[in-house]
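Since the structure comes first, as structure tokens, the remarks are kept for the end.
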Amino acid sequence: MSKDYYAGVEPVQYKGPETDDPFAFRYYDKDRVVMGKTMEEHLRPSVCYWHSFAWNGFDVFGAGTFDRPWHKLDGQEGAEAKLDAAFEFFSRLGLPFFAFHDVDVMAPAETMKEHTENLARILDPLEAKMEETGKKLLWGTANLFSHPRYMAGGATNPDPEVFACAAVQVRQMMDATKRLGGANYVFWGGREGYDTLLNTDLGREMDQYARMLSMAVDYKHKIGLSGPILIEPKPHEPTKHQYDRDVATVYGFLERYDLLEDVKVNIETNHATLAGLPMDHEVAAAYALGIFGSVDANRGDPQNGWDTDQFWNDPVDITRTMIHMLRNGGFETGGFNFDSKVRRQSIDAEDLYFGHIGGMDALAKGLLSAAAILENGEADAFIKERYAGWDGDLGRFIRNDATLDSLADRALSENLDPKPRSGRQERLETFVANYV
Ligand code: XLS
Ligand code: NI
Ligand code: NI
């Protein structure tokens, strides 16, 4: 059935910028070497299961618009048809990774017992598909936000019985991620926050969240899950306030609860926008704080204040982000996961290709532009020169030896009179724009 669904779409290939084939990559040439690594190794792209295969196009104002054959079947049969369709798409698109929540792949479940049985039942066929197609798991995660029991949170729920149910799901998904060779394990705290402080004990909820994460860290070591646990920051939506607001907030949380050894961040572009922060800030901050893990690639809409999860296709934004990634060595275990969805009017199977192909080419272009900028060296040289004084005599004195007293005395005795220098912002912005 899935084969019919994608009939007519050949495996997507690189055909170069001149091609007029809408089913070909123009810039993403997976084996092309850029700064010592192939494009595929740099970008580690991943297709997400939820937006393209689990979602049927519904929104808060209307029913599903997509006519996907696998949505017409129920239970295990539906889950297996979805699995066929998803892996057929992964194979034809040719990206190496995918990511999923427990509930994306399994037959729907009401009770916890049903949940564990249904997830267990799909793991054999899922593992077989991975072997057959060579697709790898970038990360797994437990959905602790859709079932009504989680309306007030999973780990941060006022009811410990809900926390215990969340533990069931997290344990089973960590086991599944280990079994499937997943490179990371993600927590997105969709409902780990509050709708009003009038009913919420904020301090207690943060302790609870840390408790869940500590348990997950211990379990990760117990089962030998090798990759890091990643927290995915988002300031709000669905809750009014989410505790993992942004990268810096997550860092403070991890520091406070002594989780920095094992937990990093999965940064999503649209979430950064919602937090009022540009993506390059979030990425640069994560590297500076030593917690960069992975990226959920997407974008919002400048007029809309919600998580529209559109394919990320702003080349300047991608280039600016990629500059920081290349400077810092890029991904270790992470990758670019397309947490992006086609619009609900984009109802054809083809639209899934157009979204991912365009998204992939935008990332590849950003990579090429950023590499050219770094190879040119002007931007890095400017920064180096700007801070050069800190490697000089006075800079070293301040960094290593000075007290407030000795420094103030020295400044006065040397009669310091520093000269302001231009920050050259327009020059640098133009320089970057010229490379894109
Ligand atoms: C929602 C999040 C979600 C996570 C996985 O806003 O982006 O899709 O990536 O739970
Ligand atoms: Ni995400
Ligand atoms: Ni999101």
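The values are calculated or read from the model by the stated rules, or taken from the named source; none is laboratory data. Since we're looking at a predicted model, the values are computed, not measured. With ideal geometry, Cβ positions are generated from the backbone for all residues, glycine too; neighbour counts draw on all protein chains shown. Side chains included, ligands, DNA and RNA excluded: accessible areas come from the protein's heavy atoms. Shrake-Rupley method; radii C 1.70, N 1.55, O 1.52, S 1.80 Å.
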Pairs needed: first member in the range 32-45, more than 10 Å from G330 (Cβ to Cβ); second member anywhere, part of a strand (DSSP E or B); C-beta distance under 6 Å; at least 6 residues apart or different chains. P45/F336
Within the range 10-47, considering residues that are in contact with a Leu (Cβ under 9 Å, 6 or more places away or on another chain) and closer than 21 Å to A349 by Cβ, the one nearest to ligand 2 (Cβ to nearest atom): S46
Would you mind stating whether E375 is over 30 Å from A63 (Cα atoms) and part of a helix (DSSP H, G or I)? yes
Looking at the range 159-181, which of its residues are more than 13 Å from ligand 1 (Cβ to nearest atom), open to solvent by less than 10 Å² (accessible area, probe 1.4 Å) and within 15 Å of A99 (Cα to Cα)? M174, A176, T177
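With respect to N184, is the statement that it is buried (at least 17 other Cβ atoms within 10 Å of the Cβ) and either under 23 Å from the mean Cα position of the chain (by Cα) or of a type in the set (K, R) (or both) true?
yes
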Any chance L213 is hydrophobic (A, V, I, L, M, F, W, C), farther than 30 Å from E429 by Cα and free of Cβ contacts under 8 Å to residues at least 12 places away in the same chain: no
Do we have V265 as in a helix (DSSP H, G or I), within 15 Å of ligand 1 (Cβ to nearest atom) and touching a strand residue (DSSP E or B) at 6+ places or on another chain (Cβ under 8 Å) here? no
Here are some residues: D307, D317, D361. Which one is assigned to a loop (DSSP other than H, G, I, E, B), acidic (D, E) and either at positive phi or buried (at least 16 other Cβ atoms within 10 Å of the Cβ) (or both)? D307
Subset of the range 183-235 [aromatic (F, W, Y), outside any helix (DSSP H, G or I) and within 16 Å of ligand 1 (Cβ to nearest atom)]: Y185, F187, W188
K341 - would you say it is at pLDDT 95 or above, surrounded by 15 or more Cβ atoms within 10 Å (Cβ to Cβ) and within 17 Å of L43 (Cα to Cα)? no
Failed criterion for S91 (all others in (1) under 23 Å from A120 (Cα atoms); (2) surrounded by fewer than 18 Cβ atoms within 10 Å (Cβ to Cβ) hold): (1)
I need the full set of residues from the range 128-158 which are crowded, with 18+ Cβ neighbours inside 10 Å, over 17 Å from the mean Cα position of the chain (by Cα) and within 21 Å of D339 (Cα to Cα), in order please. K135, L144, F145, H147
Members of the range 413-436 found to be at pLDDT 95 or above and not in a helix (DSSP H, G or I), listed by number: E414, N415, L416, D417, P418, K419, P420, R421, S422, G423, R424
Hey, could you check the range 48-63 for residues that are surrounded by 19 or more Cβ atoms within 10 Å (Cβ to Cβ), outside any helix (DSSP H, G or I) and among the hydrophobic types (A, V, I, L, M, F, W, C) and say which is nearest to ligand 1 (Cβ to nearest atom)? C48
